[in-house]
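Worksheet: the structure to be examined is printed underneath.
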Amino acid sequence: MIIEIDGLRARLEEAFHRTDDLNFKEFYAGGKPVCICYIDGLIDKLSVERNVIDALIKSRLQGGADNNADGQGQGKTGEAVTSYFDVLKAHISAADETATETDFEKLVKKIADGDVALFIGGAGEYYLFSIRSNPSRAISEPPTSTVLKGPREGFTEDMKINTALLRKRLRSRDFVVETIKVGRYTSTGVSLVYISSIADPNIVEKVRKRLKEIDVDGVIDSSYLAEFLKERKYSMLKQIGVSEKPDIVTAKLLEGRVAVVSDGSPIVLTIPFILIEDLQDSADYYKNDARSFFIRMIRIIGEILALLLPGFYVAVLTRHYQLLPMNFLISVINSVNELPFTVEIEMIFVLLIFEILNEASVRMPRYIGMSLSLIGAIILGDTAVKAGLISSPTVLIAAMSNIGIYCIPDEISSFSIFRLALVLASSLFGFFGLILCALAMTAYMLTYDSYGAPYLAPFAPYIREDIKDSIDKQSLLNLKKRPESIPHQNDIRMK
Amino acid sequence: MNGIYKRQFAILIFFAGVVFKLAFLPAYLTEIVANDNIFAVAVYLLFDFLCLFLIYYIAKNRVIEKLPHNLRAGIMLALFALFALKFAVMSGEVSYCISSNLFKDGHVVFVYAAIGALTSYIAVKGGGVLAKMGEIFVVAVVVCLAINLVTVESDVNFMYNLPFFATDGKSFFSALDKYYMWTGDFLPLIVFTITDGKKKSKTMPLMIALTAVTVIAHYAFLNAVFKSGAAKTDNLLVALGTFNIGNILVGRTDALSLTVWFIMAVINLALTLLAATESASYFLKDRRIGTAAVNVFTVLLYIFGLKNVSKLFDLSTGAIRYFVLAVGTLAPIVIIVCHTLQKRSVRRALEARKRL
């Protein structure tokens with residue numbers, strides 16, 4: 001192959017369908033025609049001007065006299081001289097990576113990925129440099145995971161920054177980053193990260209295999225990858241851990257998990273996932289143990305109340321009036337008297353209204369958030385009750401449930417559906433239905449293993465060592481071993 | 001077979017041993033032997049614990065898996081019939097109890113349908129799920145049972161347990177003879193294998209002791225609260241719950257007793273159904289067929305036979321109880337004897353080969 005600049009330029013323009021952001025810059029260096037090609041917006045243009053073009057012009061591509069087609073040749077006294085590639089590498093110091101390529105299709109792919117391609121007239125290969133300038137936002141505290149005390153750094157949409165944030169905390173040669181490209185059109189960088197001396201090699205291999213098997217148009221966010229990594233395709237349960245904070249992901253890697261970082265997404269996936277992870281919060285480890293224990297108890301109680309209270313209320317009012325003390329019963333009956341709806345319809349209606357409010361408050365522009373909150377509060381809290389459409393006990397129960405469900409915000413998606421199922425079961429079968437449905441949900445969760453980790457560990461199966469960091473938050477000095485519920489190689493955490 | 005940990009096995013002992021000894025049986029025993037019902041149930045417990053030691057040996061050493069094919073087939077068939085029958089009777093008890101306490105009677109088949117669906121799901125998913133369910137609920141159940149006993153606000157007079165041995169021997173043995181259906185509670189555990197059998201664990205003796213203490217204590221409270229009126233109680237746990245101090249202060253906390261008993265009952269029913277499914281799976285490849293067969297049998301029995309609780313009682317105390325006693329007693333003994341003979345013949349064959 002011998003490069004001819006004009007012909008190559010035409011081929012590239014054809015390959016990129018004459019897109020406007022494909023730029024070429026032609027110049028001469030050492031008497032040779034040189035052309036660089038890049039996608040505008042993906043590279044650091046100032047660096048290309050100063051460190052590539054100017055550097056090459058000054059170098060004159062000196063590689064000795066009588067260079068042949070790929071820049072190699074003999075010197076005047078017969079010694080071997082360096083190739084163009086060596087010359088380029090010596091002069092272009094600003095590049096992150098340098099490579100050569102002879103395949104045109106691979107060249108197109110690399111340019112699309114954001115590399116700078118350089119062609120020298122008469123040479124036998126293409127040269128590629130990585131001088132990228134990915135636009136991304138600054139590192140800030142993620143809105144979904146705030147702490148009073150503790151690190152506030154959060155991941156961004158740039159995979160390199162995210163892996164760097166993890167590398168900053170895991171300064172060990174055992175910290176491995178394996179990067180692949182996923183997505184036919186997006187060619188999204190996906191990094192599988194783990195600590196090789198801790199993570200279970202079987203899990204690493206399984207995740208690696210699943211990532212490599214992904215054949216899809218594009219990966220926009222890490223949640224796309226989560227769909228491929230799930231063990232059960234149609235389960236309502238959360239199966240993959242997520243986090244936006246590097247300190248949390250680091251802690252999980254140190255317990256034996258693997259993480260998947262996706263370019264374009266600030267959310268990092270962790271595998272395996274067990275339910276107790278969502279009960280634990282990073283802030284628990286930065287404060288007093290007794291306080292952490294108390295807070296975890298509050299979370300559990302809040303979550304149980306959130307799930308069971310609406311169903312219990314419906315069960316009592318539909319079939320089991322006698323469960324309530326008389327005074328309380330009279331008060332409730334007076335509130336629900338002469339309502340147009342039955343209590344179960346009323347409860348489902350109010351829960352759905354709260355779900356609509358939640359969804360609207362997430363999506364609405366910030367500036368009208370206040371007015372919508374007022375409207376929601378006034379309509380639900382006052383007007384609807386006064387109009388006799390719904391009762392105040394129902395609104396109270398639904399509000400308590402909605403507040404309680406945010407004690408573990410990462411489980412809202414599955415628990416809000418479970419809550420509705422419990423209300424339906426209670427409306428059909430009363431207390432019996434509520435208990436049966438709760439037992440069925442427990443049994444459903446118990447059937448699930450996440451990459452070999454039992455979903456409800458360390459409670460079932462009971463693992464004494466792991467109980468130390470479950471509801472009961474013991475001192476870090478007592479957590480000498482890694483959790484047994486997560487498969488790993490190396491047991492000892494502290495000596 | 002279903003591999004579980006020693007701790008999980010021990011917890012299932014508690015659920016299996018307590019649930020149906022605290023439901024209808026107290027009233028039945030009291031009717032014949034009055035306050036000697038404690039001794040009657042103690043005899044049953046002793047008998048069951050003796051069988052439990054054999055069952056534990058079988059589970060720990062995976063004896064059933066090593067049996068010759070024909071013998072194993074015969075034992076599995078007998079066990080399947082036993083567990084199917086017990087499941088039908090026990091689920092009838094639970095359904096009637098729920099129906100009468102929560103639904104003003106009626107709807108027994110619908111109550112059973114809901115229970116049957118859940119227990120079938122657990123049975124099909126296997127012993128691991130069941131064992132883990134036991135682990136999840138055991139602490140809450142034990143605490144609730146203890147609170148239930150401690151907070152009984154009534155004229156509790158333990159002197160009503162006296163005099164002991166007031167019943168004549170004939171009536172006593174007649175009572176023991178009549179209620180064999182309520183023995184063999186631990187037999188379903190025979191289908192499990194213990195994966196960490198060599199690990200030392202205090203949970204096993206603790207759970208055995210807890211089972212015995214729970215049952216005896218409840219019977220003592222039954223006599224102390226109800227005296228001879230115990231013969232008219234429906235479900236002992238629920239009955240004691242009506243005298244709970246919470247009942248007076250807050251409302252009907254016997255609902256809490258019923259909830260606790262119901263959770264235990266579901267686990268025990270799932271255990272029995274799982275045992276039936278495992279026995280059937282020796283002949284059928286798909287576990288779901290065995291589970292479905294037991295459910296169909298139970299529904300047919302309700303629709304065409306067990307129209308009400310008195311018919312259920314007649315069936316349980318009829319001739320079929322001897323089948324339950326025979327299989328429940330003989331199955332573990334036959335298994336161990338055959339296993340011992342098999343080991344002996346294998347050892348002799350090895351020794352003979354060495355001499356050659």
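The values are calculated or read from the model by the stated rules, or taken from the named source; none is laboratory data. The structure presented is a predicted model; accordingly, all values stated were derived computationally and were not measured. Please note: Cβ atoms are built from the backbone with ideal geometry, for glycine as well, and neighbour counts cover all protein chains shown. Heads up: the accessible areas ignore ligands, DNA and RNA and are worked out on the full protein's heavy atoms, side chains in. Shrake-Rupley method; radii C 1.70, N 1.55, O 1.52, S 1.80 Å.
Assorted remarks:
- When the strands (runs of 3 or more DSSP E) confined to region A:190-280 are screened for residues that are open to solvent by less than 50 Å² (accessible area, probe 1.4 Å), those reaching at least 3 such residues are found at A:258-262, A:268-271.
- Residue B:98 satisfies every condition listed in (1) within 9 Å of chain A (Cβ to nearest Cβ); (2) open to solvent by 40 Å² or more (accessible area, probe 1.4 Å) except (2).
- Residue pairs whose Cβ atoms lie under 6 Å apart, sitting 6 or more positions apart in sequence or on different chains, and linking a residue in region A:309-334 that is facing another protein chain (nearest Cβ under 10 Å) to a partner that is of a type in the set (Gly, Ala, Ser) and assigned to a helix (DSSP H, G or I), are A:315/A:426; A:315/A:430; A:319/A:430; A:320/A:430; A:323/B:255.
- Consider region A:460-484 and keep the residues that are under 27 Å from the mean Cα position of the chain (by Cα) and assigned to a strand (DSSP E or B). The one that is farthest from residue A:195 (Cα to Cα) is A:473.
- Residue selected from region B:214-259 under the condition in contact with a Gly (Cβ under 9 Å, 6 or more places away or on another chain) and at pLDDT 85 or above, by the criterion surrounded by the most Cβ atoms within 10 Å (Cβ to Cβ): B:215
- Residues satisfying the stated conditions in region B:63-77, i.e. surrounded by fewer than 16 Cβ atoms within 10 Å (Cβ to Cβ) and touching a residue at least 40 places away in the same chain (Cβ under 8 Å): B:65, B:66, B:68, B:71, B:73, B:77
- Which listed residue, of B:87, B:53, B:80, B:15, is open to solvent by 30 Å² or more (accessible area, probe 1.4 Å), closer than 23 Å to residue B:211 by Cβ and either touching a strand residue (DSSP E or B) at 6+ places or on another chain (Cβ under 6 Å) or not aliphatic (A, V, I, L, M) (or both): B:53
- Identity of the residue in region B:109-123, in contact with a Gly (Cβ under 9 Å, 6 or more places away or on another chain) and more than 8 Å from chain A (Cβ to nearest Cβ), that ends up surrounded by the fewest Cβ atoms within 10 Å (Cβ to Cβ): B:112
- Sole exception among (1) open to solvent by 60 Å² or more (accessible area, probe 1.4 Å); (2) within 17 Å of residue B:192 (Cβ to Cβ) for residue B:303, by number: (2)
- Residues that are loosely packed, with under 14 Cβ neighbours inside 10 Å and either touching a strand residue (DSSP E or B) at 6+ places or on another chain (Cβ under 9 Å) or in a loop (DSSP other than H, G, I, E, B) (or both), drawn from region A:153-168: none
- Qualifying position, being among the β-branched types (Val, Ile, Thr), open to solvent by 10 Å² or more (accessible area, probe 1.4 Å) and not assigned by TED's automatic domain parsing to the domain that holds residue A:347, among A:435, A:467: A:467
- Comparison of B:92, B:74 shows that the only residue that is touching a helix residue (DSSP H, G or I) at 6+ places or on another chain (Cβ under 6 Å) and more than 14 Å from chain A (Cβ to nearest Cβ) is B:92.
Results for (1) in a helix (DSSP H, G or I); (2) hydrophobic (A, V, I, L, M, F, W, C); (3) at pLDDT 85 or above, shown as yes or no for each residue.
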site	(1), (2), (3)
A:353	yes, yes, yes
A:360	yes, yes, no
A:368	yes, yes, no
A:376	yes, no, no
A:384	yes, yes, no
A:394	yes, no, yes
A:397	yes, yes, yes
A:401	yes, no, yes
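- The residue list A:132, A:171, A:137 contains one member that is under 21 Å from residue A:285 (Cβ atoms) and either open to solvent by 10 Å² or more (accessible area, probe 1.4 Å) or not basic (Lys, Arg) (or both), which is A:171.
- Pairs with Cβ under 6 Å, 6+ apart, first in region A:351-367 and farther than 16 Å from residue A:416 by Cα and without any contact (Cβ under 8 Å) to a residue 12 or more places away in the chain, second open to solvent by 40 Å² or more (accessible area, probe 1.4 Å) and assigned to a helix (DSSP H, G or I): A:364/A:372
- Pair list, Cβ under 7 Å, 6 or more apart: region A:41-68 residue within 16 Å of residue A:31 (Cβ to Cβ) and among the aliphatic types (A, V, I, L, M), other residue in a helix (DSSP H, G or I) and at pLDDT below 80: A:56/A:91; A:61/A:84; A:61/A:87
- Screening region A:403-456 for residues that are in a loop (DSSP other than H, G, I, E, B) and in contact with a Pro (Cβ under 7 Å, 6 or more places away or on another chain) and picking the one that is farthest from the other protein chains (Cβ to nearest Cβ) gives A:451.
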